[in-house]
Amino acid sequence: MTRGQVKRRLALAWWRQLGVALAPLFMFNLLFGGGSTTVLTMPLFIAGLASMFVSLPLFSAYKRALIATEKALDSDDEPAAWLELDRVRLRALLGAALPAWIAALAVLAGLEAIPLVLLALSSIVLYGLYRIPRQLG
């Protein structure tokens, strides 16, 4: 596989993971939205905000994998470095999806639209951190 094909595959995987992160929120909102507010709305919103901090160690590992991949370019270790970057990034993307997934659960508790949008946007912003930079390769 060429470097361009690997980068294209990683870009498509990024979009697919973004869809996986946001789909439950949209589906739950479509199916169960508009319910009455319960006592769990505020704790779920706070849990969604706190889940953003899960990305801190995951981003550090992703950054280290990016640096290792850049160092391995044009060497025999390049395919292994791309695979390791993909593995680390997948784990980080799952951590970045947590605010949106908690927002999907909060729909069942009757969380209002603005906090739901804020949690979805926080996942989207976290996902933006995990795009493969153009300078790589």
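For segment 25-43, how many residues meet the condition of being closer than 11 Å to residue 106 by Cβ, open to solvent by 40 Å² or more (accessible area, probe 1.4 Å) and part of a helix (DSSP H, G or I)?
So the answer is 5.
Would you check which residues across segment 3-60 are β-branched (Val, Ile, Thr) and closer than 17 Å to residue 127 by Cβ and list them?
Answer for segment 3-60, where residues must be β-branched (Val, Ile, Thr) and closer than 17 Å to residue 127 by Cβ: 20, 54.
Restricting attention to segment 58-72, does a residue exist that is within 21 Å of residue 13 (Cα to Cα), among the aromatic types (Phe, Trp, Tyr), touching a residue at least 60 places away in the same chain (Cβ under 8 Å) and open to solvent by 10 Å² or more (accessible area, probe 1.4 Å)?
Within segment 58-72 (the criterion being within 21 Å of residue 13 (Cα to Cα), among the aromatic types (Phe, Trp, Tyr), touching a residue at least 60 places away in the same chain (Cβ under 8 Å) and open to solvent by 10 Å² or more (accessible area, probe 1.4 Å)), the answer is yes, since at least one residue qualifies.
Residue 36 is checked against (1) within 28 Å of residue 135 (Cβ to Cβ); (2) at pLDDT below 95 and fails just one. What number does that condition carry?
The number of the failed condition is (1).
Being under 30 Å from residue 29 (Cα atoms), buried (at least 20 other Cβ atoms within 10 Å of the Cβ) and without any contact (Cβ under 8 Å) to a residue 40 or more places away in the chain is the filter here, so list the residues in segment 74-104 that pass it.
Within segment 74-104, just 92 meets the criteria.
For segment 105-120, which residues satisfy the criterion of being open to solvent by less than 70 Å² (accessible area, probe 1.4 Å) and either outside any helix (DSSP H, G or I) or of a type in the set (Lys, Arg) (or both)?
Once the filter is applied, which keeps residues that are open to solvent by less than 70 Å² (accessible area, probe 1.4 Å) and either outside any helix (DSSP H, G or I) or of a type in the set (Lys, Arg) (or both), segment 105-120 yields 110, 111.
The values are calculated or read from the model by the stated rules, or taken from the named source; none is laboratory data. All figures in this text were calculated on a predicted structure; none of them were measured in a lab. Glycine gets a Cβ as well: all are built from the backbone with ideal geometry, and neighbour counts include every protein chain shown. When the accessible area is computed, the model is the full protein with side chains, heavy atoms only, and any ligands, DNA or RNA have been set aside. Shrake-Rupley method; radii C 1.70, N 1.55, O 1.52, S 1.80 Å.
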